[in-house]
Amino acid sequence: MKIYTRKGDKGNTTLVGGKKVSKTHIRIEAYGTVDELISHIGMLRDMLENEALKGSLLQAQDRLMTCAAILAADCEDCQVKIPEIQEADITGLENEIDRMESVLTPLTSFVLPGGHVISSQCHVSRTVCRRAERQIIRLSEELFVPDPVLKYINRLSDFLFVLARKVLHDYSIKDIPWKPRL
């Protein structure tokens, strides 16, 4: 299979199911941002030394590929089998969040990203995840998006926030509290 087909040279692409749309279509924006998130999480995974966390992030990348496949499908009876996000995927993230939070000091204020480059990459990934979430919500206002996709993306951003704090904790670095100027 060649990497280039020349079919998108005029600014269109084909969805799973065969429908052609502009590369600026909301569906493409949504799964394109999920693709961007997959790359950011890959960078984050490469920065970590903790094998368990690396495994969690690899699993998140896999689930995000599933989300992208779902978002790229525009067919009621696709000839291609599309994987699904399951409730267990969401519960798994919640369990990871609870496990990490069990060693963290409860928050008493908003925190500023920073303190360590790995924690900062968690925050970059989290903000890209939130953008993907907004685009998926916008898409769901016009077209059907399965609820588990939205739940998973929402929970993943929470996971990335807590992971940023856990990284600081593991390096014995304190959160940077936001102190609003009043």
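Since every read-out is calculated from the coordinates, none of them should be taken as a lab result. What you are looking at is a predicted structure, and each value in this text was computed from that prediction instead of being measured. Quick reminder, even Gly has a Cβ in these numbers, built from the backbone with ideal geometry, and neighbours come from all protein chains shown.
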**Request:** Select from the range 109-149 the residues that are acidic (Asp, Glu) and surrounded by fewer than 21 Cβ atoms within 10 Å (Cβ to Cβ) and list them in ascending order.
**Result:** GLU141, GLU142, ASP147
**Message:** With the structure loaded, tell me whether SER39 is in a helix (DSSP H, G or I), crowded, with 18+ Cβ neighbours inside 10 Å and at negative phi or whether it fails that test.
**Reply:** no
**Prompt:** Can you find even one residue in the range 146-164 that is under 30 Å from ALA72 (Cα atoms), outside any helix (DSSP H, G or I) and not small (Gly, Ala, Ser)?
**Reply:** yes
**Asked** Does SER172 satisfy the condition of being exposed (fewer than 14 other Cβ atoms within 10 Å of the Cβ), outside any helix (DSSP H, G or I) and at positive phi?
**Response** yes
**Request:** Please state which of the following conditions GLU101 fails to meet, knowing it meets all the rest: (1) crowded, with 16+ Cβ neighbours inside 10 Å; (2) under 26 Å from ILE176 (Cβ atoms); (3) in contact (Cβ under 8 Å) with a residue 40 or more places away in the chain; (4) among the charged types (D, E, K, R).
**Result:** (1)
**Request:** Identify the residue in the range 21-36 that is part of a helix (DSSP H, G or I) and among the small types (Gly, Ala, Ser) and, among all such residues, is surrounded by the fewest Cβ atoms within 10 Å (Cβ to Cβ).
**Result:** GLY32
